[in-house]
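Worksheet: the structure to be examined is printed underneath.
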C-alpha cells in the first residue's frame, strides 16, 4: 500500500456491506459521505445485485463471502440481509475480526442474539445494532429531561404506530411476513424502534399482556398488535402497532409523569409541558408550532431520513479509531428483542408475561 493508502486507513475506517437490498443502498450512501469512513465493497449471495450496487457506488463486488471476509481493507461491516440471517453472517464476520453494525433486529430470538454478542466479545470486535432514532436530538432531549427528574413520578408511557403496507410489500419478498426470516410482523419489523425508545427513556418492563392478529394481509405473522405494559418503575404503558391503517400516519410516543408530559411524532416534538418551566423550554415550544410531522415510513418503507444512520455509523467508526465503546452496543440492542419476544409470548399464550430481573 502506498503512503496515500496508509494515511487513508489511519484516519478512516473501511466498511464492507453484507447484503444488497433496499437498506444496503442507504448504508452505502451514508458511508460514502462520512468524514471518518469509506466504502470498500459489497457482498451478496446474489452476485448480480452486489455488482449493480457496487457499480452505483464505485466500490468492489465480491464473488464469495470468504473473499469478502478476507479483505484486510474491510475493518467493519454493516449487515443488511433478512433479519433471520443476521447471526449467520455476523458470527463469521466477528471471527474474521470485523467490527459490526447490524440492522434491526440484531436477531429474531434471544438465543441467537446472545450468540452474536458472545462471538463479538470472544473476538474483541465492537457490535452496534441499528437503532438510529436514539441519535436524534428530540429523543436525546426527552432522555435528558427524564434523567433530570423533570417528569416527577412516571405514570404513563405509550407507543402508537398506525402504519400502512400494501399487499405488494409482502408478496414482493420471500422473507417479509415470515416467522423464520422476519421474526414477526408489525411489532418486530416496523415498531422495534419504538420499543427501543420506550425502554431507553422509561426503563425496563416488568410484565406485559398482549393481543395480536393478522387482519388485512395474507402473511404468517401479525399485522396488528396491542399490549398493556407495567414497567419496573411502577408506570403503566400501552403499545399499539399496525401495518393496516391506510394511508399511514406518523409514529407517536408519549411520556407522562406527575410533573410533566412530552410527546413526539416521528422526529418532531409535539408536546413539551412541565410544571416547572425552564428558559430553554421556550425554544422547544416555539418549534412545536412550526408544522406537523409527516408520515415518513408510515406510508412507504424507504421514506426515511438517513441522518440517524449517518450519526450511528460515524459513532461506530469513531469508536473503532479511538478504542472506545460505541454509544449503542449489542447488549442495549438485546433489550428490545427481549421486550418484543415477551409481548409475542403473551399474545401466543393469552397470559401475562413476566420479565426476569
Out of the helices (runs of 4 or more DSSP H) lying entirely within the stretch 91-205, which hold 2 or more residues that are under 19 Å from the mean Cα position of the chain (by Cα) and closer than 23 Å to residue 25 by Cβ? 192-202
Kindly provide the set of residues from the stretch 133-152 that are surrounded by fewer than 16 Cβ atoms within 10 Å (Cβ to Cβ) and touching a strand residue (DSSP E or B) at 6+ places or on another chain (Cβ under 8 Å), ordered by number. 152
For the stretch 322-331, does any single residue satisfy the condition of being over 30 Å from residue 99 (Cβ atoms) and either surrounded by fewer than 21 Cβ atoms within 10 Å (Cβ to Cβ) or under 19 Å from the mean Cα position of the chain (by Cα) (or both)? no
Would you call residue 342 at negative phi and either surrounded by fewer than 19 Cβ atoms within 10 Å (Cβ to Cβ) or not assigned by TED's automatic domain parsing to the domain that holds residue 121 (or both)? yes
Can you spot a residue in the stretch 164-173 that is assigned by TED's automatic domain parsing to the domain that holds residue 260 and either in contact with a helix residue (DSSP H, G or I) (Cβ under 9 Å, 6 or more places away or on another chain) or closer than 19 Å to residue 327 by Cα (or both)? yes
Would you be able to say whether some residue in the stretch 22-45 is over 21 Å from residue 306 (Cβ atoms), touching a helix residue (DSSP H, G or I) at 6+ places or on another chain (Cβ under 9 Å), part of a loop (DSSP other than H, G, I, E, B) and at pLDDT 95 or above? yes
Is one or more of the residues making up the stretch 176-192 within 19 Å of residue 145 (Cα to Cα) and assigned by TED's automatic domain parsing to the domain that holds residue 141? no
It is to be established whether one or more residues within the stretch 5-16 are surrounded by 17 or more Cβ atoms within 10 Å (Cβ to Cβ) and under 23 Å from residue 181 (Cα atoms). yes
Would you mind stating whether residue 218 is part of a loop (DSSP other than H, G, I, E, B) and modelled with pLDDT of 95 or more? yes
Residue satisfying condition, being without any contact (Cβ under 8 Å) to a residue 24 or more places away in the chain and surrounded by 14 or more Cβ atoms within 10 Å (Cβ to Cβ), within set 37, 96, 61: 61
Within the stretch 46-64, restricting to residues that are part of a helix (DSSP H, G or I) and touching a helix residue (DSSP H, G or I) at 6+ places or on another chain (Cβ under 7 Å), the one that is nearest to residue 19 (Cα to Cα) is 53
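The values are calculated or read from the model by the stated rules, or taken from the named source; none is laboratory data. Everything numeric here is computed off the predicted structure, so don't read it as measured data. Positions of Cβ are backbone-derived with ideal geometry, glycine not excepted, and every protein chain shown enters the neighbour counts.
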